[in-house]
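Working notes for the structure below.
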Amino acid sequence: MRVTRRFWLTLTAIGSLVVGGGLLDAPLLVVGAVGLAGWLLAMQFAFVRGVSRLEDELTVSQSLDRSRIRTGAEANYTLAASVDAAGDHLPLSIEARIPLTAQMEAGPSPDITLGRSMRSLSVTLPLTWETVGNYTVPGATVTVSDGTGLFTQSFTTAPGPEIAVESPSVGPIHVGQSGKQLLRGVGEHDARGRTGGLSAEEIRKYVPGDALKYVDWKATARLDEAHVRNYEAEGNRSVVLVLDHRQTLGDGAPGETKLEHLKAVAAAFRQRAETTRDPLGYVTIDDAGVTDSKVPVARTEAYRSCQHRINDLDIETETPATAVTKAAHTGMMKGTVNPTSDTRSPMETTLLAYRDAAGSKRHLPNQPLYNGFQAAPHEIRNADLLVICTDDSNPSELRDTVGLARRNATEVVVFIAPSVAFDTDLLTDLDTAYERYRAFDQFRRELNEIDSVTAYEVGSPDKISALLSGSPANTEQREYA
Amino acid sequence: MSVALETRVRSLRSPPTVLGLLGIIVATGGLVWGGPVWLGFVGVLLGGLYLSGTPVLAVVFGQIALITVDTPSLLPLVLVEGGLFLALLSVTIETPDSRVAGSLVALVVPLLGSLAWLSLWRWNLAPLRAGSALVIGLAIIGYLLHRYLLIELDIVTEDAASDRDFL
């Protein structure tokens, strides 16, 4: 209970009467002081009783019209209060404590004042959430005052609703192969885990993105149209996201960079993993090497941690040479030469393949993605599903990495942001751009042909359409199909 | 808080105000009856204080005005004290739980006043000592009420040692 300035003035008056009565030897002043003190005590008792009753009769509710939102978007917040009392109640005000990350528009403030005869009131206002994360609206503060202005009392209600604020979307994203949009949802994957078995679920029409090994040839022959057999996993399988956030991933218009597109894809996989309770882990790699990693676990904290990591992922402005130096140093110590794929002779390629197959570890210079993945913990490298999100700026490194990943993981899905689709001057020379896209697609197909590896392109639908429009006969989509 | 500072000017037509003004008039009548006529102007002051929302000050000044009367006889004394009591009682009627608050004031104020009267005139205690003892006793009860409310609202626990911030 808080006393007000009026209370202290009353107390001062009582004290003055007592002291005055003593000094002036005037008992009547003391009688008056005691009477006033008794009045004050009676008022306090009435206030305490009123607040105790009000706490039982008061219902305060806070709500948000959305539980998930993207940064910069608005969610309507409602604060409502009602008093279930037979007669009048003590006047009260309720003030919501909006999290600092939420911005309020000019307009109604998040508070309610209920007069002594008012039964219920509510206020709704839009909140704009600025920072990514999970937030809980704290309990509202109820302040009750007595009718005479002598006492106030504040208490807090139960916490309000929770909201998950996510990073803004980059808009429509093209995920597909050879210009054809992937019709399955990003993040949906075939159940081929090592643990648990598979059970046939249904036969459905083939859509681009389905693996050929799941085509049901008998059904296809019977129905004269490609059909696949769907399987349902009988056990969970571990998913690991390999997220590349090197300098080259910063290409593209602000807010629509390669990294932003790949982050959206990674977020979809994370969400899918959380829905199916698949163990989820991740590795993030920049120019210096591994920046963060988490082995796959199926815990709520792990999914949340992964989402935060995806959201926070950014292009490093500096390029530390630690990993490169280390890699080079290791290579020198072993006395070996590690040429890149581009400079390898057929003999070197063959020999290196044998060496890789034997399981010996090697560090390749200027290949942080490969080196980082190789240095990752065993649980990450041996995931059931490995999702690599990167670009095509270093095809040989990506080829090596996918090869390495394939040796350990059950299935590898590669999402590649083609550099040509993120050039800002794409439209100046469409012919050249189309040729570059063809080269990229050839590379993607090479990866796709590796057993248990599926490679997709990721980019803006408009840019991909613009690229395809640069084909000589403008019939590339049919050709590529 | 602003609640404490805002002026509570009274409406002349509301029943509590009428009751309070009636008490002020009665108290003024008692003052004029037992003392000099100029105490009638004190009545105007008391009425102004009451109407401006400070009934406590009206009671305090009424009590001070009473001691200017050398030896008030019983009837003027009863009139003044009764009138000031009505002024205090009118304040309680304005609270939401007016029945409880009014009953409490009607019970506690005369009871404590009588106790003070007894201690001063019957038991011949020194006014300062008797007044201090009574006010301190009431303050302790007030503190206990404060603690009770905090526990009732789950703001503190019954273990006072762990809630020193609220002591």
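The values are calculated or read from the model by the stated rules, or taken from the named source; none is laboratory data. Keep in mind that what you see is a predicted model, and the values were worked out from it rather than measured. As a convention, Cβ positions derive from the backbone with ideal geometry for all residues, glycine included, and neighbour counts pool all protein chains shown.
For region A:86-117, which positions are buried (at least 19 other Cβ atoms within 10 Å of the Cβ), within 14 Å of chain B (Cβ to nearest Cβ) and among the aliphatic types (A, V, I, L, M)?
Residues satisfying the conditions are A:90, A:92, A:114.
With (1) within 22 Å of residue A:408 (Cβ to Cβ); (2) of a type in the set (Gly, Ala, Ser); (3) at pLDDT 85 or above as the list, and residue A:226 as the residue in question, which single condition is left unmet?
Exception for residue A:226: condition (1).
Does residue B:96 count as in contact with a helix residue (DSSP H, G or I) (Cβ under 9 Å, 6 or more places away or on another chain), free of Cβ contacts under 8 Å to residues at least 60 places away in the same chain and at the interface with chain A (Cβ under 7 Å from one of its Cβ atoms)?
Yes; evaluated as a whole, the condition is true for this residue.
Can you name the number of the only condition in (1) surrounded by fewer than 20 Cβ atoms within 10 Å (Cβ to Cβ); (2) under 24 Å from residue A:238 (Cα atoms); (3) not aromatic (Phe, Trp, Tyr) that residue A:401 fails?
It is condition (1) that residue A:401 fails.
Can you pull out every residue in region A:435-477 that is among the hydrophobic types (A, V, I, L, M, F, W, C), assigned to a loop (DSSP other than H, G, I, E, B) and at pLDDT 85 or above?
Residue satisfying the conditions is A:450 alone.
Which one of these is over 23 Å from residue B:130 (Cβ atoms), touching a residue at least 12 places away in the same chain (Cβ under 8 Å) and not polar (S, T, N, Q): A:6, A:49? If you could, list the steps in order and put the result at the bottom.
Details: A:49 fails: touching a residue at least 12 places away in the same chain (Cβ under 8 Å).
Unique residue meeting the criteria: A:6.
Select the strands (runs of 3 or more DSSP E) contained entirely in region A:1-89, then report the ones holding at least 3 residues which are more than 24 Å from residue B:154 (Cα to Cα).
By residue number, A:68-70, A:74-83.
Here is a yes/no grid of residues against (1) more than 9 Å from chain A (Cβ to nearest Cβ); (2) crowded, with 17+ Cβ neighbours inside 10 Å; (3) touching a helix residue (DSSP H, G or I) at 6+ places or on another chain (Cβ under 6 Å); (4) touching a residue at least 24 places away in the same chain (Cβ under 8 Å):
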| position | (1), (2), (3), (4) |
| --- | --- |
| B:50 | yes, yes, yes, yes |
| B:87 | yes, yes, yes, yes |
| B:131 | no, yes, yes, no |
| B:151 | yes, no, no, no |
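Would you check if residue B:69 is surrounded by fewer than 18 Cβ atoms within 10 Å (Cβ to Cβ) and farther than 21 Å from residue A:37 by Cα?
No; evaluated as a whole, the condition is false for this residue.
Looking only at region A:55-78, count every residue that is closer than 17 Å to residue A:105 by Cα and over 24 Å from the mean Cα position of the chain (by Cα) and tell me the total.
Total meeting the criteria: 1.
Would you check which residues across region A:1-36 are of a type outside the set (A, V, I, L, M, F, W, C), surrounded by fewer than 24 Cβ atoms within 10 Å (Cβ to Cβ) and facing another protein chain (nearest Cβ under 7 Å) and list them? Steps first, answer last, please.
Our first condition is that a residue be of a type outside the set (A, V, I, L, M, F, W, C); within region A:1-36, this holds for A:2, A:4-6, A:10, A:12, A:15-16, A:20-22, A:25, A:27, A:32, A:35.
Among the residues that remain, those that are also surrounded by fewer than 24 Cβ atoms within 10 Å (Cβ to Cβ) are: A:2, A:4-6, A:12, A:15-16, A:20, A:22, A:25, A:27.
Passing the criteria: A:4, A:5, A:6, A:22, A:25, A:27.
Here are A:19, A:30, A:34: which of them is in contact with a Pro (Cβ under 9 Å, 6 or more places away or on another chain) and of a type in the set (A, V, I, L, M)?
Criteria check complete, one pass: A:30.
Counting just the residues of region A:118-154 that are assigned to a loop (DSSP other than H, G, I, E, B) and crowded, with 22+ Cβ neighbours inside 10 Å, which one comes out nearest to the other protein chains (Cβ to nearest Cβ)? Lay out the reasoning, then the answer.
Pass one, region A:118-154, residues assigned to a loop (DSSP other than H, G, I, E, B): A:118-119, A:130-132, A:137-140, A:146-150.
Pick out the ones that are also crowded, with 22+ Cβ neighbours inside 10 Å and you get A:137, A:140, A:146-148, A:150.
Working: A:137: 20, A:140: 14, A:146: 6, A:147: 4, A:148: 6, A:150: 8 Å.
The selected residue is A:147.
For region B:58-84, what are the residues that are at the interface with another protein chain (Cβ under 7 Å from one of its Cβ atoms) and under 26 Å from residue A:48 (Cα atoms)?
Answer for region B:58-84, where residues must be at the interface with another protein chain (Cβ under 7 Å from one of its Cβ atoms) and under 26 Å from residue A:48 (Cα atoms): B:59, B:60.
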